[in-house]
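The values are calculated or read from the model by the stated rules, or taken from the named source; none is laboratory data. Keep in mind it's a predicted model, so treat the numbers as computed, not measured. Cβ placement follows ideal geometry from the backbone for every residue including glycine, while neighbour counts extend to all protein chains displayed.
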Amino acid sequence: MTGKAVGGPKIVIVGAGFVGTTFAYSLLIHGLASQIVIIDVDKERAEGEVMDLNHGMPFAYPARIQTGEYSDCKDADIIVIAVDKGQKIQQSRLELAAGNFELLKQIVPSITEYNSEGILLVVTNPLDVMTYAALKLSGFPPNRVIGSGTILDTARLRYLLGEYLQVDPRNVHAYVIGEHGDSEVPVWSLANVAGIRLKDYCPICKVPYSPEDLNDLFLKVRNAGYEIAKRKGRTNYGVALSLTKIVESIVRDENAIVTVSCLLQDYYDVRNICLSVPVVLNGAGVKEVIRLPLAGDEVAAFQKSAVVVKKVADSLGL
């Protein structure tokens, strides 16, 4: 393979599974990369995916899409780690930690052998633990190691709130923070539509402000991955689109506010672990971590989520 193509970023995807290849497809149709490289131990599958993507090129934005080796990480702007040993239906993400950590111990040094200047974007579960592992294994500065985190959970919350309130979900502002997993935390105290807090907006659209209904809605958010996997065996579209938003924020230097997993230091006394909170994201990675003015019960739940993630990280010797 030759060097980086002229005119746009080079993005390497490690993992030719459903998430990695759906993400490559999304990159192609959004025109966010001039060069996309897919690396996988199953080279034949990777070649088939690349052939299929290239045949759609006349209908999309020009890009060079190829299979590659870790040496092709050289000059990559973003390297996405989208591999795992497979999650069984109803299996907790945290149960994947040991097996996927073994994969990362092979993958991350193979990347950093050729690239020390790019941004690592982690999708592997358990997301927050693996993001922290990638940070430790790579030696990259914290602003350049990012996990996809709760960006999709936040989108799911906004979508379901939009349905509940009968408004466009793009006009709903609400966050899910903490672990991308069972201990994640909805920030109800700051949820709003058109700048109006949720409890005040509900009467305007003539729906009840019911903590019980909202909790049921959040449970649908938290369990969405399991429910989708139960029906189709996996999730891929939503996570691929959320990755596309993260990459767009980086390559277009947007200073966008997104909920991704990154290293926290003294965030409501949570430190030395990766969790999701809103951050300002641009071409350098995480520009700034935004400290939300959380309610007391939300602080407690966030700290509890940190304990859950830290326990698993400690069990891996991180």
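Here's a check for you: in region 210-237, which residue that is of a type in the set (Ser, Thr, Tyr) and in a loop (DSSP other than H, G, I, E, B) is farthest from Ile81 (Cα to Cα)? Before the answer, list the steps.
Going through region 210-237, the residues of a type in the set (Ser, Thr, Tyr) turn out to be 210, 226, 235, 237.
When the remaining residues are screened for being in a loop (DSSP other than H, G, I, E, B), the result is 210, 235.
Working: Ser210: 40, Thr235: 16 Å.
Residue satisfying both the conditions and the ranking: Ser210.
From the list Leu135, Leu104, pick out the single residue that is under 27 Å from Val289 (Cα atoms), in contact (Cβ under 8 Å) with a residue 60 or more places away in the chain and of a type outside the set (Val, Ile, Thr). Give the steps one after another, and end with the answer.
Details: Leu104 fails: in contact (Cβ under 8 Å) with a residue 60 or more places away in the chain.
The conditions single out Leu135.
Can you name the residue in region 274-288 that is surrounded by fewer than 19 Cβ atoms within 10 Å (Cβ to Cβ) and touching a strand residue (DSSP E or B) at 6+ places or on another chain (Cβ under 7 Å) and, of all such residues, is farthest from Ala33 (Cα to Cα)? Write out each step before concluding.
Residues of region 274-288 that are surrounded by fewer than 19 Cβ atoms within 10 Å (Cβ to Cβ), as a first pass: 280, 282-284, 287-288.
Next, only the ones that are touching a strand residue (DSSP E or B) at 6+ places or on another chain (Cβ under 7 Å) stay: 280, 287-288.
Working: Val280: 21, Lys287: 22, Glu288: 25 Å.
Of everything passing the filter in region 274-288, Glu288 is farthest from Ala33 (Cα to Cα).
Give the residues of region 254-281 that are over 15 Å from the mean Cα position of the chain (by Cα) and either part of a helix (DSSP H, G or I) or on the phi < 0 side of the Ramachandran plot (or both), sorted by residue number.
Glu254, Leu264, Gln265, Tyr267, Val270, Arg271, Ile273 - these are the residues of region 254-281 that are over 15 Å from the mean Cα position of the chain (by Cα) and either part of a helix (DSSP H, G or I) or on the phi < 0 side of the Ramachandran plot (or both).
Confirm whether Tyr201 is in the same structural domain as Glu288 (by TED's automatic domain parsing) and crowded, with 19+ Cβ neighbours inside 10 Å. First the steps, then the outcome.
Details: in the same structural domain as Glu288 (by TED's automatic domain parsing): yes; crowded, with 19+ Cβ neighbours inside 10 Å: yes.
So Tyr201 passes the test.
From the list Ile111, Ile79, pick out the single residue that is out of contact with any Lys or Arg (no Cβ under 6 Å at 6 or more places or on another chain), in contact (Cβ under 8 Å) with a residue 60 or more places away in the chain, outside any helix (DSSP H, G or I) and not small (Gly, Ala, Ser). Steps first, answer last, please.
Values: Ile111 fails: outside any helix (DSSP H, G or I).
Sole residue among the options that is out of contact with any Lys or Arg (no Cβ under 6 Å at 6 or more places or on another chain), in contact (Cβ under 8 Å) with a residue 60 or more places away in the chain, outside any helix (DSSP H, G or I) and not small (Gly, Ala, Ser): Ile79.
Looking for something β-branched (Val, Ile, Thr), surrounded by fewer than 17 Cβ atoms within 10 Å (Cβ to Cβ), over 20 Å from Ala295 (Cα atoms) and touching a helix residue (DSSP H, G or I) at 6+ places or on another chain (Cβ under 8 Å) - is there at least one such residue anywhere in region 232-243?
no
Quick one: Ile204 ticks every box in (1) modelled with pLDDT of 95 or more; (2) farther than 30 Å from Ile11 by Cβ except a single one, so which number is it?
Just one mismatch for Ile204, condition (1).
Only one of (1) surrounded by 15 or more Cβ atoms within 10 Å (Cβ to Cβ); (2) without any contact (Cβ under 8 Å) to a residue 40 or more places away in the chain; (3) assigned to a loop (DSSP other than H, G, I, E, B) fails for Leu292. Which number is that?
(2)
Restricting attention to region 159-193, which residues are without any contact (Cβ under 8 Å) to a residue 24 or more places away in the chain and of a type outside the set (S, T, N, Q)? Talk me through it step by step, then tell me what you get.
Step one: list which residues in region 159-193 are without any contact (Cβ under 8 Å) to a residue 24 or more places away in the chain, which gives 159, 162-163, 168-173, 192.
Correct list: Tyr159, Gly162, Glu163, Asp168, Pro169, Arg170, Val172, His173.
Answer yes or no: is there a residue in region 238-253 that is in contact with a His (Cβ under 8 Å, 6 or more places away or on another chain), part of a helix (DSSP H, G or I), of a type in the set (Val, Ile, Thr) and assigned by TED's automatic domain parsing to the domain that holds Gly181. Even if it seems obvious, please write down each step before you answer.
Of all residues in region 238-253, those in contact with a His (Cβ under 8 Å, 6 or more places away or on another chain) come to 244, 248.
With part of a helix (DSSP H, G or I) added as a condition, the list becomes 244, 248.
Going one step further and asking which of them are of a type in the set (Val, Ile, Thr), we end up with 244.
Within this subset, residues satisfying the condition of being assigned by TED's automatic domain parsing to the domain that holds Gly181 are 244.
Checked region 238-253: at least one residue is in contact with a His (Cβ under 8 Å, 6 or more places away or on another chain), part of a helix (DSSP H, G or I), of a type in the set (Val, Ile, Thr) and assigned by TED's automatic domain parsing to the domain that holds Gly181.
Within region 33-60, restricting attention to residues that are small (Gly, Ala, Ser) and touching a strand residue (DSSP E or B) at 6+ places or on another chain (Cβ under 7 Å), which residue is surrounded by the most Cβ atoms within 10 Å (Cβ to Cβ)?
Pass one, region 33-60, residues small (Gly, Ala, Ser): 33-34, 46, 48, 56, 60.
Now restrict to residues that are touching a strand residue (DSSP E or B) at 6+ places or on another chain (Cβ under 7 Å): 33-34, 46.
Numbers: Ala33: 26, Ser34: 18, Ala46: 22.
In this case the residue turns out to be Ala33.
Out of all the residues in region 157-187, which are over 20 Å from Tyr226 (Cβ atoms) and among the acidic types (Asp, Glu)?
Selection gives Asp168 alone.
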